[in-house]
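Below is one structure, written out as structure tokens; comments come after it.
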Amino acid sequence: MKAYLSLGSNVGNRAEHFSAVIDILTENEPFRLSQVYETEPQGGVVQDDYWNLVIEIDTNATPGEMLARAHAAENARNRTRTERWGPRTLDVDVLLMGNVVSSDPDLTIPHPRMWERRFVLAPLRELAPDLVPAEVFESARGDVARLGTLSSLC
């Protein structure tokens, strides 16, 4: 099945944070990366702009296994959770996993706020345009600017 994960970073070397966790997230499964987008932070906390991308993974992992990969990637980049919507070295969210629907307290799939966030929808739409209808994209909040491929930014 195809799993879609959103990566965001606004502390330190953002390209390095993304590049360093690809193997953790994919576990050698086939994947594709969107381009990197720069976005303004949301949530009201004053901080630097974010870089965001989406990774599409062809996987046999369960939602729990994918969440464990996301946490391992965040831990590998010393993610701290001191302030809600605050600055972070790396944030990894599981957006979608095939047709899986989960309301588990630890992992909701589809991600509950993804349809409101243009910084998620722009890179997701790049990889899977059929998943993001134009009207949904247009109604989402936030400005995004495409920066280029991850390899061009490293």
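The values are calculated or read from the model by the stated rules, or taken from the named source; none is laboratory data. Quantities reported herein were computed from a predicted structural model and do not represent experimental measurements. Using ideal geometry, Cβ is built from the backbone for each residue, glycine included, and neighbour counts are taken over all protein chains shown.
Report whether or not VAL94 is touching a residue at least 12 places away in the same chain (Cβ under 8 Å) and either in a strand (DSSP E or B) or not hydrophobic (A, V, I, L, M, F, W, C) (or both).
So VAL94 passes the test.
For ALA134, all conditions in the list (1) surrounded by fewer than 19 Cβ atoms within 10 Å (Cβ to Cβ); (2) of a type outside the set (D, E, K, R); (3) under 22 Å from ALA3 (Cβ atoms) hold save one; what is the number of the exception?
Tallying (1) surrounded by fewer than 19 Cβ atoms within 10 Å (Cβ to Cβ); (2) of a type outside the set (D, E, K, R); (3) under 22 Å from ALA3 (Cβ atoms), ALA134 fails exactly one: (3).
Hey, does the range 23-33 have a residue that's under 16 Å from MET114 (Cβ atoms) and aromatic (Phe, Trp, Tyr)?
No, the conditions are met nowhere in the range 23-33.
If I filter the range 116-126 down to residues being of a type outside the set (A, V, I, L, M, F, W, C) and buried (at least 17 other Cβ atoms within 10 Å of the Cβ), which single residue comes out as nearest to SER6 (Cα to Cα)?
PRO123
Can you pull out every residue in the range 34-49 that is buried (at least 19 other Cβ atoms within 10 Å of the Cβ) and either over 17 Å from the mean Cα position of the chain (by Cα) or modelled with pLDDT of 95 or more (or both)?
SER34, VAL36, TYR37
Within the range 21-37, does at least one residue satisfy the condition of being among the small types (Gly, Ala, Ser) and out of contact with any Asp or Glu (no Cβ under 7 Å at 6 or more places or on another chain)?
No; the residues of the range 21-37 include none that is among the small types (Gly, Ala, Ser) and out of contact with any Asp or Glu (no Cβ under 7 Å at 6 or more places or on another chain).
Determine whether THR59 is in contact with a strand residue (DSSP E or B) (Cβ under 8 Å, 6 or more places away or on another chain) and β-branched (Val, Ile, Thr).
Taking the combined requirement at face value, the residue satisfies it.
For the subset of the range 73-83 comprising residues that are in a loop (DSSP other than H, G, I, E, B) and not hydroxyl-bearing (Ser, Thr, Tyr), which member is modelled with the highest pLDDT?
Going through the qualifying residues, I end up with ARG77.
For the range 72-115, enumerate the residues that are over 16 Å from ALA61 (Cα atoms), surrounded by fewer than 11 Cβ atoms within 10 Å (Cβ to Cβ) and of a type outside the set (D, E, K, R).
THR82, SER103, PRO105, PRO112
Could you check the range 7-27 and list, in sequence order, the residues that are in a helix (DSSP H, G or I), in contact (Cβ under 8 Å) with a residue 12 or more places away in the chain and either within 15 Å of ASN75 (Cβ to Cβ) or in contact with a strand residue (DSSP E or B) (Cβ under 8 Å, 6 or more places away or on another chain) (or both)?
Within the range 7-27, ARG14, ALA15, HIS17, PHE18, ALA20, VAL21, ILE22, ILE24, LEU25, THR26 meet the criteria.
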